[in-house]
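The values are calculated or read from the model by the stated rules, or taken from the named source; none is laboratory data. This is a predicted model, so every value here is computed, not measured. Ideal geometry is used to build each Cβ from the backbone, glycine not excepted, and the neighbour counts take in all protein chains shown. The protein model used for the area step is the full one, side chains on, heavy atoms only, and it has no ligands, DNA or RNA in it. Shrake-Rupley method; radii C 1.70, N 1.55, O 1.52, S 1.80 Å.
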Amino acid sequence: MSYRTVSKWRSGNVGFGCSHATQGYGLGVAIACGDASEVGVLARLSMEPRPPSRVGKHLKQVTYYAVLVGIYLFFVLLCTVSVDKQSMIITHQVNTSLAIALMPIFLPCLLYLGLVRTKSILQQKQCHVRNLEAVSTLGLSTVICTDMSGTMTMQQLRVSEIFVDADLLRVESLNQAEMGPRFIELIRSSVLCNDAIFCPGSIRVPREKKTIYGSDYDRALLKFSLPFIPNINELRSDHEKVANMSYSSIDRVHVTVHKIRNENDRPRHILLMKGYADVVLRHCTTYSVGDEELLLDEPLKQTIGDLANRLMEAGRHVRAFAYKEILSEVERRRFSQVNVGRDRTPGRYRDFLAVNTFALRFLGLIAAYDPPRPNIANAVSKCRSAGIKLVLVTHAKAVFARALAMSVGIIAPPSESDDSSTKRHQASAAVVSMDEFVEQEMHHQRWKVEQLLLAHADLVFARVSVEQHIVIVEACQRLGAVVTVMGFSVLDTPALRRAHVAVAQDACTLTSEASADIRLQERTFSKLMAAVEVSRLMFENTKKAIAYCLATNTTLFLVHLAFFLLKIPIRIFVMQVFIIAVFVNLLPGLSLLYESAEEKLMKQKPKIIDDFLLNRRMFFVSCILVGVIEAAAVFVMYFLFMARNGFQPRTLVGLNFKWYDESVTDITDSYGQEWSPESRQRLDCQVSTLSLMTLAAMQCTNLMLTRTGRANLLSHGFSNVYVNLAIVYLIFLCVLLPHVDSPHCLRLIGGVELVFFWWYIWPLVTLLAFLETARRYLLRRFPGSWLELETFY
C-alpha cells in the first residue's frame, strides 16, 4: 500500500510552531522542526547574502580604472626616465601632473553628495532612506514586486453589499425604515462577533469620528453599524463575551460565545460565527427568510456560494455569518466555570473548542469594498511607460486578485478592446494561482515562473507562499532584471533580503524594517514611483557632472604626449592641475546635481547594459568629442601666443628639456632674439595662464551644454540657479586668473594678453557650442540611430 504525502499548504489541520493555543486543549504531531519548520525556513532564507548593489559595482569599476591608470603611469615613468638630473626633475613634475589629472578625485565627492541630496529629497517625499547605496539602484529597477492590498488600495474597507432575507441589498439604496428583523439581527451579529473596539481616549468625540482599533474588515462592520445600533457598548455589555476564537488562516472562521439573560433573568448562551462563505455554510443547516426557517440543502448552499464567488470576482471582501443558541446543558456548563490562574485572576473559559459548532442557522453575507487609491492609475501608467514590469504578489484567492487588478488598471475588463499601449499591457497581463504548483518540485516551479514572466507584460501571483515569493524574485533576477520588492510582514522578509532594493511600507514589522533599504512613511505605490523618478534623476545628473569633469582629461593627456613625443615645451603645472580639478571641474560640476529632469526621463527604459557611471559612451563624448575640441583650443591658444612672442611652431620642436634648463642661455626665437632663463620662465607662466583660462572658458560652455543629454536647451529652460551661478563663477575665474601673482605658474603682465585671450577664444567656444547643439538635434531628430547608440550616455 502506498500513501501520498499531503502538502502542508493543502491540509486543513496544520498549526505552526510559533502559534499558541489560547483556549481549550489539543493534541498534535510534529511534522517539521528546526530548519524544516516555517520559522526555520524564514530564518534560513532571511540569512541569505544580499545581491551586489549598484554603488558597489561603481566602486569596483573605479577601482579597476585606478589600477589601469597606475599601471599606465608606471610604464610612462619607465619610458620617460632620464639620466640627466635636470631632465629627471622635469620628467617627474610632468608625470605627477598627469597622474593627478587622470585620477578621478572628483568622483567620490560627486557620488556621495548626489546620494545625500537624493536622500534629502526622498525624505521630503516621506521616504526614509536607510541605505544610501540603494538610492542609486532604485532608479535602475526593471521589475517591481509588491503586494496589492494597502499598496494600491486605500485599505479602508467600506460595506458595499448585504445579502439577507434571500435578497442582495446595495448599501447606497438602503432605507433604514424598511429594514426587517433579519437585517437587524445580521447587523447585531456583525457587532458582537467582532474584535474591533473604539479608542478608549475618545470620550466626547462623536461616534462617527471615533478612532477604531481592529482589523480592516471588523472596523468596516463597526462603522457601518453606527446608524442602526444606538449604543454599541450597551449591546456588548448585555451580550457578555464568554469565549472567543479569533480568526486564523487555518480555520478561516471567527467564533464567539455570548451570555445573555432571558425574560426570567436566566442565563443562556448563543454562538456566533463569522468567516469565509464556503466554511461557514458547511456548519449551517437552516436559513431564515422573514419569519420562515428553511432547510439549507445543497442547491441552496450552491446558490449562496456562487453569489459569494461573484462578489469576490467583483473585488469584494465577503464574510458569512451564522447563529446558534446553545441548548445543551452539558455545553452550557463548559462556560459556567472560570479557570483561575496562578495570580488568582479569572482566566478564559475553558473547553471552548469542545462546543458543537455545527447545526447553525445561516444569517447572511456582508461584502466590503476596498477602493483603489485616487492616483494609482497614473502611477501604474508611469511604471509601464518607464519600462518597469509589475509583479504583484498576494495571499488572496485568484478571483479576488483579478478583480483588484482590474480596479487599479493592471488588467483590462473583458469588454474593453483598444489598440493603445496601455490596453495592450492590460491584455497581456495575467493572474496565476500559485497553489496549483505547491506539490511540484522547486525547480519545476522556477521554470514555470520564468516562462510566465517571459510571456506576460505584468503578472499577478495569488496564493503565494514564502518560498514561492523568493522563487519569483530569483526568477526575475536570473532573467537579468533589477528587482525592487515592497513588503511589510514577517513573511516578506526573505524576499526583501533577496531583492536588489528592499522597500518596507508603513506600519511594517521589525524584521521587514531591519531588512529594508528604504522605508515609505505612507503605504502607497505612488510614493515608490516618485522615489524611482528621484533616483533616476540623481543618476542622470551624476553622469552629467562626471561627463563634465572628464572633458579636461584629454587636454592634459595630449599636453603630456606633446611634451615627450613632439618635444614641445608645453606644460600644465601641478598647481594648475589642482585648480582645474577643484575650481574648474568639481565646484561647477556639483551644480549639475540640482538640474531638473528632462521631459522624457520616465519614458525611457532602464539602462541595464550601461549599469556604470563610467561607460564607453560617456568616455567617447567627454574625451573624444568635447575633450578634443577643448584640447585643440588650448593648443591653438598656445601656438598663437608663442608665435606672437616670436616662436613659430617649428622652432618649438625639441625644446622640451632645454627650455627649462637654467644653464642654457642661447635659445633664440624665429627672429633671432635670444631668451634668458628668466624671460623664458615669465613667458612660460603667461602661456600656462592662458591655457588655464582657455580650459575654464571651454568648460564654461561645456557646463551650459551638459545641462541636457538630448533635449533642446532653450525648451529645457534655465531654472537651475546653481548652474547659472557656476557659469558666472567660471567667467569671473577667467578674469581673476591673470591677476593672481604666482612666480611658478600664474603671471600675466598688462592687459594686452587679456585682449588677446578674449579675441581668440570666442570662435573656439562657438565651435564647441555648435557641434554639441547639432549632436543633440540629431539625437532628437533620429531616435535609435547610430549616433544615439554611440553618444547618448
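Could you grab the relative contact order for the stretch 540-656? Cα pairs under 8 Å, six or more apart, rounded to a whole percent. Taking the mean separation of contacting Cα pairs over the length of the stretch 540-656, I get 50 percent. Among rounded, prolate and oblate, which fits the stretch 132-287 when a ≥ b ≥ c are the square roots of the eigenvalues of its C-alpha gyration tensor, a/c under 1.5 means rounded, and a/b larger than b/c means prolate? In terms of gyration-tensor shape, prolate. Rounded to the nearest percent, how much of the accessible area of the stretch 486-565 (1.4 Å probe, protein heavy atoms only) is carbon and sulfur? Percent of accessible area from carbon and sulfur atoms in the stretch 486-565: 63. Per Stokes-Einstein, at 25 °C and 0.890 mPa s, what whole-number D in µm² s⁻¹ belongs to the stretch 552-676, with the Kirkwood radius over Cα pairs as the hydrodynamic radius? Once the numbers are plugged in, D ends up at 138 µm²/s. Taking amide H as placed 1.01 Å from N in the peptide plane, the amide H of THR706 sits under 5 Å from none that are at least 5 places away or on another chain.
Just need the relative contact order of the stretch 421-564 here, percent rounded to a whole number, with Cα pairs under 8 Å and 6+ apart. Answer for the stretch 421-564 is 14 percent.
Return P(r) of the stretch 494-588 (all Cα-Cα pairs; 5 Å bins starting at 0; whole %; ordered from short to long distances). All Cα pairs considered, the percentages come to 2, 11, 13, 12, 10, 8, 7, 8, 8, 7, 6, 4, 2, 1. The HN-Hα couplings worked out from phi for the stretch 255-269 by the Karplus form 6.51 cos²θ - 1.76 cosθ + 1.60 (θ = phi - 60°) are 10, 10, 10, 10, 9, 10, 10, 7, 5, 8, 6, 9, x, 9, 10 Hz, whole numbers, x standing for Gly and Pro. Plainly put, the stretch 621-741 has a radius of gyration that is 1.11 times its Kirkwood radius, both from alpha-carbon atoms, as the Rg/Rh ratio.
On the beta carbon distance between SER596 and THR286, with R0 = 60 Å, the FRET formula returns roughly 0.30.
Across the stretch 48-204, C-alpha contacts under 8 Å between residues 6 or more apart give a mean separation that, scaled by the residue count, equals a relative contact order of 18 percent.
Using every pair of separate Cα atoms, the Kirkwood estimate puts the hydrodynamic radius of the stretch 430-477 at 10.6 angstrom.
Taking all protein chains as present, what is the carbon and sulfur share of the accessible area of the stretch 169-285, in % to the nearest whole number, probe 1.4 Å? Of all accessible area on the stretch 169-285, carbon and sulfur atoms account for 48 percent. When the listed pairs LYS223/LYS274; LYS389/LYS607; LYS544/LYS567 are checked against a 26 Å cut-off, the alpha-carbon distance exceeds it for LYS544/LYS567. Per-residue Karplus couplings for the stretch 695-708, computed as 6.51 cos²θ - 1.76 cosθ + 1.60 with θ equal to phi - 60°, are listed in order as 4, 5, 5, 5, 5, 5, 5, 5, 5, 5, 6, 6, 4, 10 Hz, Gly and Pro entered as x.
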